[in-house]
Amino acid sequence: MPGRKLVNSLLIALLTFATFALAACGGTGGTGSSSGEDRPFPELEKAAKGTEVNLAMYGGDEAINTYVDDYVIPELEEKHGIELRRTPLGDTADAVNKLLNEKQAGKDEGTIDLVWINGE
């Protein structure tokens, strides 16, 4: 189905860019900008190689879980050297609460880097 292939390509491109941006911004200290906005994509790609990104997403849809586990994660690892870890959630609010709890506990680094938000 041609439409499905386009959606898959767009989704992997979006996740790849978001992952690069997060991974490249996760450094400790330095004098440059912590944002990836002003950095060329090849530089972000190089900085992201070998990093781990934690993706929190609704875990109740087996088709989407399989897609992420069997396609997105291996593609990101093979093409860009980024380890994507999927954390299943019952609800997106669980991710927000987890982040708030980590912030209140004084943690500088959280356990969630990226949140998948369904468009429902």
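Read-outs throughout are calculated quantities, based only on the coordinates presented, and are distinct from any laboratory measurement. Worth saying up front: this structure is predicted, and the values here are computed from it rather than measured. Neighbour counts are summed over all protein chains in view; Cβ atoms, including those assigned to glycine, are modelled from backbone coordinates with ideal geometry.
Which lysines have a Cα less than 25 Å from the Cα of Lys79, not counting those fewer than 8 places away in the same chain?
Excluding near neighbours in sequence, the set is Lys5, Lys46, Lys49.
Determine the sum of side-chain charges near Arg39: Lys and Arg each +1, Asp and Glu each -1, restricted to other residues whose C-beta is under 11 angstrom from that of Arg39. All intermediate terms of the calculation are to be shown ahead of the outcome.
Numbers: positive: Lys46; negative: Glu37, Asp38, Glu43, Glu45.
It works out to a net charge of -3.
Under 5 Å between amide hydrogens, which residues at least 5 positions from Lys49 or on another chain qualify, with H placed 1.01 Å from N in the peptide plane?
HN-HN under 5 Å from Lys49: empty list.
At 0.36 nm per residue, and after removing the present C-alpha to C-alpha distance, how many nm does the segment from Ile64 to Ile117 gain when stretched out fully?
Numbers: separation 53, 0.36 × 53 = 19.08 nm, distance 1.24 nm.
Answer, rounded to one decimal: 17.8 nm.
Along the Cα→Cβ direction, 7 angstrom out, place labels at Asp108 and Thr92. What is the inter-label distance in nm?
Label at Asp108, label at Thr92, 3.1 nm between them.
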